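Read the structure below first, then the notes.
The values are calculated or read from the model by the stated rules, or taken from the named source; none is laboratory data. Nothing here was measured: the structure is a model prediction, and the numbers come from that model. Please note: Cβ atoms are built from the backbone with ideal geometry, for glycine as well, and neighbour counts cover all protein chains shown. Areas reflect the complete protein model, heavy atoms only, side chains present, ligands, DNA and RNA absent. Shrake-Rupley method; radii C 1.70, N 1.55, O 1.52, S 1.80 Å.
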Amino acid sequence: MICVSINEKNYNDAIEVASLYNFAEIRLDLLGTVDNGVAEKIFSSHKNLIATYRRKDGLDAKRLSIIKAAIGAGAAYVDVDINESNEFISSVELFCKTLCRQSSEKKTSLIISYHNYEETPHFDVLDKIVIQAVAKGADVVKIACAVNEPAHVERLLGLPEHHKSVKIVIAGMGEYGGRVRILSEASGSFFTYASHDMESCTAEGQLDYKTIVEERRKIVSGL
């Protein structure tokens, strides 16, 4: 499964690009203008979207309100960084659960994500991060790291097998990051991320959707 990360500045453009794919992530923090109304329009337009709003201005109350609006409008997932405050993460988790109890609609799943833009830590460090994320209430754990050497590729690809009972998403960034994204499905990653095209990447080393699909096809066909 491939999730296309959308970084459009205009929310109408974000809705249009997301409509081209079965699964997409909306980077709310990258929109030029975002409020509760915008979130409701976006997440009511598609049944399989991830709502991601990274911290950038310190206005946690505003971000939390917009994330809740996205959840209420039907976001399939919401992505919260593991370094957010425990209070922030708990508030999002509680809202997901509360809304589920009040509605017959499918529960919004909580992704707790870890990002390391410098390296891929040793396996025991990654192991502890996965355990910590699950303890914080994660339904899905995302691990995104800079992959600077082949050993880092193997390290990330080994995580899903090591944590078979946990839905883990692995994403590589940097020089060898694309290799992780191509091989992630075969390693058991719940899904991986791609861009719409190579001009709209949201992370270094991210590949576009068509490239990942084509490279995976080559692997399957033995080319």
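Accessible surface computed residue by residue for the chain, with neighbouring protein chains in place and a 1.4 Å probe, gives 48 Å² per residue.
Pairwise alpha-carbon distances in the range 63-157 exceed 20 Å for 42% of all pairs.
Can you send over the carbon and sulfur percentage of the accessible area for the chain, probe radius 1.4 Å, protein chains only?
Working: 5290 of 10650 Å².
Solvent-exposed carbon and sulfur of the chain make up 50 percent of the total.
What separates the Cα centres of the range 1-69 and the range 125-162 is a distance of 25 Å. Of all lysines in the structure, those lying under 17 Å Cα to Cα from LYS210, and not within fewer than 8 positions of it along the same chain, are LYS218. Highest-first packing order for the peptide set 42-49, 75-82 is 75-82, 42-49, based on the mean count of other beta carbon atoms within 10 Å. Counted by Cβ distance under 15 Å from LYS136, the other residues give a net charge of -2, where Lys and Arg count +1 and Asp and Glu count -1. Each Cα pair under 8 Å and six or more residues apart adds its sequence gap; the mean of these over the residue count of the range 77-139 is a relative contact order of 44 percent.
The base-10 log of I(q)/I(0) for the chain, evaluated at q = 0.10, 0.17 Å⁻¹, reads -0.42, -1.25 [Debye formula, identical scatterers on Cα atoms, solvent excluded]. Surface calculation, 1.4 Å probe, protein heavy atoms: HIS115 sits at approximately 40 Å² accessible. Residue pairs exceeding 19 angstrom between C-alpha atoms, taken from LYS106/LYS164; LYS107/LYS128; LYS41/LYS68: LYS106/LYS164; LYS107/LYS128.
When only Cα pairs under 8 Å and 6 or more residues apart are kept, what is the percent relative contact order across the chain? Spell out each step's value before the answer.
Details: 428 pairs, mean separation 36.5, N = 223.
Reported relative contact order: 16 percent.
Here the sum of -39500 (n - 2.57) over DSSP H runs of 4 or more residues, divided by the residues of the chain, equals -13000 deg cm²/dmol at 222 nm, to the nearest 500.
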